[in-house]
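Single-structure report; data block below.
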Amino acid sequence: MASFNRVILMGNLTRDPELRYTPKGTAVANLGLAVNRRFKVDDQWKEEADFFDIVVFGKQAENCGEYLSKGRPVMIEGRLQQSRWESDDGQKRSKVEVVANNVQFLGGRSGEGSKGKAGDDAPEFDDSDIPF
């Protein structure tokens with residue numbers, strides 16, 4: 001039986017990244033992400049936010065800890081993972097979080113705009129350049 005587990009989210013960080021290291025020295029960053037959605041009820045538009053916990057490992061976690069802060073827009077690609085445990089009072093608990101494979105920083109630092117170093121050398125084109 002085939003399985004597939006992939007998620008892509010784009011939103012704003014709800015808090016500054018929390019960076020820590022495992023006993024073996026692997027960096028781990030925990031992020032909170034708010035993803036807004038708009039929908040129509042009768043004739044009125046409503047807006048709600050969904051909140052997700054994100055875990056990032058390795059060098060990417062260190063970069064998140066250094067360059068990201070609350071409110072910063074990001075795009076996360078990763079997979080869902082469920083953790084299960086029993087609390088001190090014997091209750092069974094579970095939590096689903098996103099384990100990030102890729103964190104794309106969006107926007108600029110302190111309002112610099114969305115163009116990063118990679119975009120500085122990119123050629124410009126308009127829709128008339130597309131042959132279809």
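The values are calculated or read from the model by the stated rules, or taken from the named source; none is laboratory data. Owing to the predicted nature of the structure, the values given are computational and were not obtained by experimental measurement. Note that each Cβ is placed from the backbone with ideal geometry, even for glycine, and that neighbours are counted across all protein chains shown.
Here are the numbers for the structure shown:
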{"item": "Residues (among the aromatic types (Phe, Trp, Tyr), in a strand (DSSP E or B) and in contact (Cβ under 8 Å) with a residue 12 or more places away in the chain) located in the stretch 31-84", "result": "Phe51, Phe52, Phe57"}
{"item": "Test result for Lys95, more than 15 Å from the chain's Cα centre (by Cα) and either of a type in the set (Ser, Thr, Tyr) or loosely packed, with under 10 Cβ neighbours inside 10 Å (or both)", "result": "no"}
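Condition check ((1) at pLDDT 90 or above; (2) among the polar types (S, T, N, Q)) across all residues:
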position: Gln44; (1), (2): yes, yes
position: Phe57; (1), (2): yes, no
position: Glu62; (1), (2): yes, no
position: Gly78; (1), (2): yes, no
position: Gly116; (1), (2): no, no
